[in-house]
Amino acid sequence: MSESIRIGLIGAGENTRVRHIPGLQAIDGVEITAVANSTAESSQRVADEFGIPQTIGTWQELVASPEIDAVVIGTWPNLHCEVTCAALEAGKHVLTEARMARNLAEANQMLEASKAHPELVAQVVPSPFGLECGPAITSLLKAHFLGDLREAIVLGANDQFWDYSKPLHPRQDAELSGKNTLALGILHESLMRWAPEPVQVFAQAELFEPTRPLPEENCFVDVGVPDSLQIVAELKGGVRCMYHLSGVTLFGPGMQIHLYGSRGTIKVEFVDGQEKVSCGRADDKELQIMEIPEEEKGSWNVEQDFVDAIRGNKKVTLTDFRTGVKYMEFVEAVSRSAEANAPVPLPLES
């Protein structure tokens, strides 16, 4: 089935330009018909680069257009809730960039809007970490390679915010990014594909570089998001989990997820878009690199999945709004714990 689908872009950040636009334009019967970026000039640049026939002045006009069937939201999280709810109310399918929202309240509002329009597709762009190796790891887990999962480690520590002379990044602006801290949400989402849900978190956060220059205003501004975060969590079944997230770690470990079980270990490293899986059991002398055959690797299929869901060919799995709310609940719990310097149980009370 190749039912024609007309898509409008609201925001055209890097992921939209690198992945979503080419991915959608490669699908038969799909046309990106309009774009509304942050300024008229930037909208026109995107339209010219990708051959998009129309630019629209505001996202409100785009959402209201009868010539649009679905919207792709490529803004920072500050607009995800408002645009999503308006788009669903206007009868548009929605694919919104991650992180889902600035906070749990906004994520819940988006979920309720999607439940009010079950005939429409509501999808969050999934964490890319583990998409390639995920099927192989899932197979190992189903074969009880680990035995009983006992511990997990989540690492997301690098030096991206170490240089305090660099301008304020949108991810450091709480007004734009909300309670999303560093790579917490994106790595936690990947972990939850392989491990049970958390039942308690205890977090501590620090802001080592509290100010940043704002060149356009020739001044310094306060950073609103921590640049160092550590979490001890308990997962269902008594599994213990530790998170080390940092943007000020020189020669840090980068992005990794470790799973330690009663019979074996699986380590996943995410480096420059590549996924390296190492595994071993008690009778091995050292961890072995897992060679995954090409035909067994997963891949980035976000745009195709969105279109297939619109056409009724499949349901959204990566990532539906309920899953998005789950990781936003974890982010919220971490924020509350760090603020109170106390453990916080999950699920959170409404």
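The values are calculated or read from the model by the stated rules, or taken from the named source; none is laboratory data. This one's a predicted model, so the numbers in the text were calculated from it and none came from an experiment. Backbone-built Cβ (ideal geometry, glycine too); neighbour counts: all protein chains shown. Quick note on the areas: whole protein, heavy atoms, side chains included, nothing else; ligands and nucleic acids left out. Shrake-Rupley method; radii C 1.70, N 1.55, O 1.52, S 1.80 Å.
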Could you say which residue among 187, 214 is of a type in the set (A, V, I, L, M, F, W, C) and at pLDDT 95 or above?
187
(1) open to solvent by less than 20 Å² (accessible area, probe 1.4 Å); (2) in contact with a Ser or Thr (Cβ under 8 Å, 6 or more places away or on another chain): which one isn't true of residue 71, the others all being true?
(2)
Residues of segment 85-111 being small (Gly, Ala, Ser), open to solvent by 30 Å² or more (accessible area, probe 1.4 Å) and not in a loop (DSSP other than H, G, I, E, B), which ones?
86, 105
Hey, among 256, 274, which residue is in contact with a Lys or Arg (Cβ under 9 Å, 6 or more places away or on another chain), at pLDDT 95 or above and open to solvent by 20 Å² or more (accessible area, probe 1.4 Å)?
256
Identity of the residue in segment 282-311, surrounded by fewer than 20 Cβ atoms within 10 Å (Cβ to Cβ) and among the small types (Gly, Ala, Ser), that ends up modelled with the lowest pLDDT
282
Checking residue 82 against (1) part of a helix (DSSP H, G or I); (2) over 23 Å from residue 193 (Cα atoms); (3) touching a residue at least 24 places away in the same chain (Cβ under 8 Å): exactly one of these is not met. Which one?
(3)
Within segment 275-297, is there a residue that is within 18 Å of residue 160 (Cβ to Cβ) and out of contact with any Ser or Thr (no Cβ under 7 Å at 6 or more places or on another chain)?
no
Would you check if there is a residue in segment 334-348 being open to solvent by less than 90 Å² (accessible area, probe 1.4 Å) and under 30 Å from residue 32 (Cα atoms)?
no
Do we have residue 268 as open to solvent by less than 50 Å² (accessible area, probe 1.4 Å), touching a helix residue (DSSP H, G or I) at 6+ places or on another chain (Cβ under 8 Å) and under 27 Å from residue 102 (Cβ atoms) here?
no
Residue 146: open to solvent by 20 Å² or more (accessible area, probe 1.4 Å) and either closer than 30 Å to residue 69 by Cα or modelled with pLDDT of 95 or more (or both), yes or no?
no
Just to be sure, is residue 314 surrounded by fewer than 20 Cβ atoms within 10 Å (Cβ to Cβ), of a type outside the set (A, V, I, L, M, F, W, C) and farther than 30 Å from residue 237 by Cα?
yes
State which residue is surrounded by the fewest Cβ atoms within 10 Å (Cβ to Cβ) when the search covers only segment 183-238 and only residues that are acidic (Asp, Glu) and touching a residue at least 24 places away in the same chain (Cβ under 8 Å).
197
Please count how many residues of segment 212-234 are part of a strand (DSSP E or B) and over 18 Å from residue 156 (Cβ atoms).
8
Which listed residue is more than 24 Å from residue 102 (Cβ to Cβ) and in contact with a Lys or Arg (Cβ under 6 Å, 6 or more places away or on another chain), from 49, 31, 41
31
Among the residues of segment 153-175, which ones are within 18 Å of residue 217 (Cα to Cα) and within 19 Å of the chain's Cα centre (by Cα)?
169, 170, 172, 173, 175
Residue by residue through segment 2-23, note down the ones that are touching a helix residue (DSSP H, G or I) at 6+ places or on another chain (Cβ under 9 Å), within 20 Å of residue 39 (Cα to Cα) and of a type in the set (D, E, K, R).
17
Considering only residues that are farther than 22 Å from residue 120 by Cα, free of Cβ contacts under 8 Å to residues at least 60 places away in the same chain and open to solvent by less than 40 Å² (accessible area, probe 1.4 Å), which ones fall in segment 7-49?
37, 42, 43, 46, 47
